Amino acid sequence: MAEVFVVVDAQGDTVRKVTLEMLTMARALGEPSAIVLGAPGTAAPLVETLGQYGAQKVYTAEHADLADYLVAGKAEVLAGLVAEKSPAAVLLSSGQEGKEIAGRLAVKLGNGLLTDVSGLEADGTATQNVFAGSWIVKSQVTKGIPLVTVRPNSLTPEAAAATPEQVAVEVAVSDKAKKVAVVERVAEQKGSRPELTEASIVVSGGRGVGSSENFALVEELADLLGGAVGASRAATDAGFYPHKFQVGQTGSTVSPQLYIALGISGAIQHRAGMQTAKTIVAVNKDDEAPIFELADFGVVGDLFKVVPQAVEGIKQR
Ligand code: FAD
């Protein structure tokens, strides 16, 4: 069976969910091989999880020149490995780093690249949702080994236990790739909430929330439920909540078990980022708001009356 490369997206010792999705997706095409690119010591804590989701091999390319966001070196190492092993396809996550590596790799190899893919069939046909999910496009790479970036939260990862063979990759990064260096790291203030794209519950606020102070209500509900906080673009553009929490076409894609939309109209660009949530609850004072076409449960009412009641109800349980 052909090898399918899955370039591992991890955060420290944790394999990101999108990697598990890619390993699941890769199995449609062949045998997944995980590729870990990073500083020395990156791979060891990840191998067990990668095996649990079907990685038959784990290639470890570890070197200080591949630490952090040093994408030029990563693309170089990957290009060498792809040329040597000729996998059936290379899957990367559709985050900033994955897309940048994929773009560089496509130029280096002269191969076709499909981005933001949400599904992959055995013959390599990829599915992409375009124009905020209003069209579904099926495409295939026709030149070279297909390079594919996978949109997070596209499918449910399925475990398939394997004991991966570990293969060390020799790393020699060119001087050209070394022209970029990390000069400073600023640690992000991390709260206790789960990461937006990985959370199983997301509570989002829109323009209807009205102000940054009022977002405390959205946060209170999210915290009671152990969820993440999201926001519509209208809310982030208005400065009610930071842009990195924006859900939608130009923000993050989320696919939680429960998505609660507070004061969000349900524009197509917002739906593009949340419509695959398992259960959608909407609170909106306009009974004709398009979000109700999508919602499993809708409350027509003022969020400033509905949410405090919900909060009280949850607290009493
Ligand atoms: P509105 O559409 O103004 O809706 C506010 C809602 O709140 C209304 O339905 C109103 O009835 C309700 N409301 C008001 N007060 C209350 C209250 N007290 N209680 C209950 N309900 C109340 N948008 C995104 O969200 N994410 C994206 O990634 C994104 N990308 C875009 C990309 C492009 C290229 C373009 C053109 C647009 C994009 N947008 C995106 C913007 C999108 O079109 C909408 O403008 C935006 O989603 C609207 O946000 P909203 O629902 O919060 O605001």
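List of remarks:
- Scanning region 66-84 for residues that are aliphatic (A, V, I, L, M) and within 9 Å of Val180 (Cβ to Cβ) gives Leu70, Val71, Ala72.
- Long-range neighbours under 7 Å by Cβ, at least six apart or interchain, first residue crowded, with 16+ Cβ neighbours inside 10 Å within region 294-317, second basic (Lys, Arg): Leu294/Arg271
- Tally, over region 182-213, of residues that are in a helix (DSSP H, G or I), more than 13 Å from the ligand (Cβ to nearest atom) and over 25 Å from the mean Cα position of the chain (by Cα): 0
- Comparison of Val254, Val283, Val247, Val306 shows that the only residue that is touching a helix residue (DSSP H, G or I) at 6+ places or on another chain (Cβ under 8 Å) and more than 29 Å from Gly95 (Cα to Cα) is Val283.
- Summed over region 260-286, residues that are more than 9 Å from the ligand (Cβ to nearest atom), farther than 17 Å from Ala231 by Cα and not in a strand (DSSP E or B) total 1.
- Taking region 230-259 as the range and being hydrophobic (A, V, I, L, M, F, W, C), surrounded by fewer than 22 Cβ atoms within 10 Å (Cβ to Cβ) and assigned to a strand (DSSP E or B) as the test, only Leu258 passes.
Every number here is computed from the coordinates shown, using simple stated rules; none is lab data. These numbers were taken from a predicted model, which means no experiment stands behind them. Every residue, glycine as well, gets a Cβ built from its backbone with ideal geometry; the counts of neighbours run over all protein chains shown.
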